[in-house]
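Report on the structure given below.
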Amino acid sequence: MERPDPTSEDSITKRLTFPDHELMRSLCGEHNLHLQLLEKQIGVSVHGRGNSLLLEGRNWEVELAERVLNQLYDLLKANYPIYPNDVDYATRILSSNHSVDLKKIFKDEVYISSKKKVIAPRTINQKEYIDSIRKFDIVFGIGPAGTGKTYLAMAMAVSSLVKNQVNRVVLARPAVEAGEHLGFLPGDLYEKINPYLRPLYDALHDMMDFENVSRLLEQGIIEVAPLAFMRGRTLNDSFVILDEAQNATREQMKMFLTRLGFSCKAVITGDVTQTDLPDGKASGLIEAKEILKGIKGVQFVYFSREDVIRHPLVQEIIDAYEKMEDKISRQ
């Protein structure tokens, strides 16, 4: 988390009062876990007294903690449950942009799954991403792993299907890791390629009951297939997702994008820093950034390490690798 340089090292104290006792308990978290997370992330000290919280720290620390607590309390008043991860997301967002209204992000419910699980954006870029998917027919989501690129696209696809906005969902992924060795793997073609499509199945099963997923797959309403299977097809009334697009070649990317028919929406996701293509083979995703920029109806959304929605250590791991790669590039 980037922090502004404090204008003063002098410690200040500020008291915040929250009228609703039950909501304040939820705000503090079980055994004050939320307050402990806030202290760890910002550096401010938080002490509870009745319906009040006493904040102690430097000016910017206290101001940031005040913004986070007030906005989380507003979310609770709007019947939005607060979990420990929400404290992390809220702190990250408000530390980079003080004027953000968290309700516009957290309460933008993309999809409520059959498991009663609300899927919604957790960062500013994630919010921009889903807004772009709603507005544009072709959206590229580019950034590191763990930023929700595929998961949110999948949620938008399932939501469109449930609302009858599309007739089917097609999920594609290059099986580049298999290379020319598929013939040596056991089983029929689907059993050979299944391991490379497993992450897409995992996301589906996280959103829908197993029986529903199985039925929709059997009926062809949801299709999970390797990118090579898209050749020669025209997809109408469909929501199409190309995952791990950094592993698509120029020819494959062109082939995929020209499959789109009427009333079709496409989302292409990938991390340009993690290509598995053979040396000398250009990534279709990297080239698409230059070839398609400026075309009306095509939108690019870029994610960074600040958008990582996984274990907090994942963000630090990404940062460490970026520093190492930057050091190597300078040598």
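The table below lists the values:
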| quantity | calculated |
| --- | --- |
| Antiparallel DSSP beta bridges within the chain, percent to nearest 5 | 40 |
| For G148, distant residues with modelled amide H under 5 Å away | I309 |
| In sequence order, calculated HN-Hα J values of the stretch 267-284 (Karplus, 6.51, -1.76, 1.60; Hz; x Gly/Pro) | 10, 10, 10, x, 10, 5, 8, 10, 8, 10, 6, x, 4, x, 9, 6, 6, x |
| Proportion of all alpha-carbon pairs of the stretch 1-93 beyond 19 Å (%) | 34 |
| Length released on extending from S99 to E316, taking residue separation times 0.36 nm less the Cα-Cα span | 75.5 nm |
| In sequence order, calculated HN-Hα J values of the stretch 144-153 (Karplus, 6.51, -1.76, 1.60; Hz; x Gly/Pro) | x, 5, x, 8, x, 4, 6, 4, 5, 4 |
| Percent of alpha-carbon pairs separated by more than 16 Å within the stretch 223-331 | 67 |
| For I222, distant residues with modelled amide H under 5 Å away | V169, L217 |
| Rounded Å value of the spacing that divides the Cα centres of the stretch 54-122 and the stretch 33-49 | 15 |
| Protection-proxy order for peptides 134-147, 10-23, 268-281, 236-249, each taking the mean of Cβ atoms within 10 Å per residue, highest first | 236-249, 134-147, 268-281, 10-23 |
| Separation of alpha-carbon centers, the stretch 212-247 and the stretch 251-307, rounded to whole Å | 17 |
| Amide H within-cut-off set for T249, under 5 Å, with H built and near neighbours excluded | G284 |
| Principal-axis tilt of helix 33-42 within the chain, Cα atoms, nearest 10 degrees | 90 |
| By accessible area with a 1.4 Å probe, ligands and nucleic acids excluded, highest first: order of V118, V44 | V118, V44 |
| Note, ³J(HN,Hα) from phi for the stretch 205-221, Karplus 6.51, -1.76, 1.60, rounded to Hz, x at Gly and Pro | 5, 6, 9, 10, 5, 4, 5, 5, 4, 4, 5, 5, 5, 5, 7, x, 6 |
| Rounded if a/c under 1.5, otherwise prolate or oblate - the stretch 190-285, Cα gyration tensor axes | oblate |
| Candidates V110, V213, V301: whichever shows maximal mean-square fluctuation once the chain is modelled as a Gaussian network with Cα springs under 10 Å | V213 |
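The values are calculated or read from the model by the stated rules, or taken from the named source; none is laboratory data. Everything quoted here is computed from the prediction, not taken from an experiment. Note: ideal-geometry Cβ built from the backbone for every residue, glycine included; neighbour counts use all protein chains shown. For the accessible areas, the whole protein counts, side chains as well, though only heavy atoms, and no ligand, DNA or RNA atoms are used. Shrake-Rupley method; radii C 1.70, N 1.55, O 1.52, S 1.80 Å.
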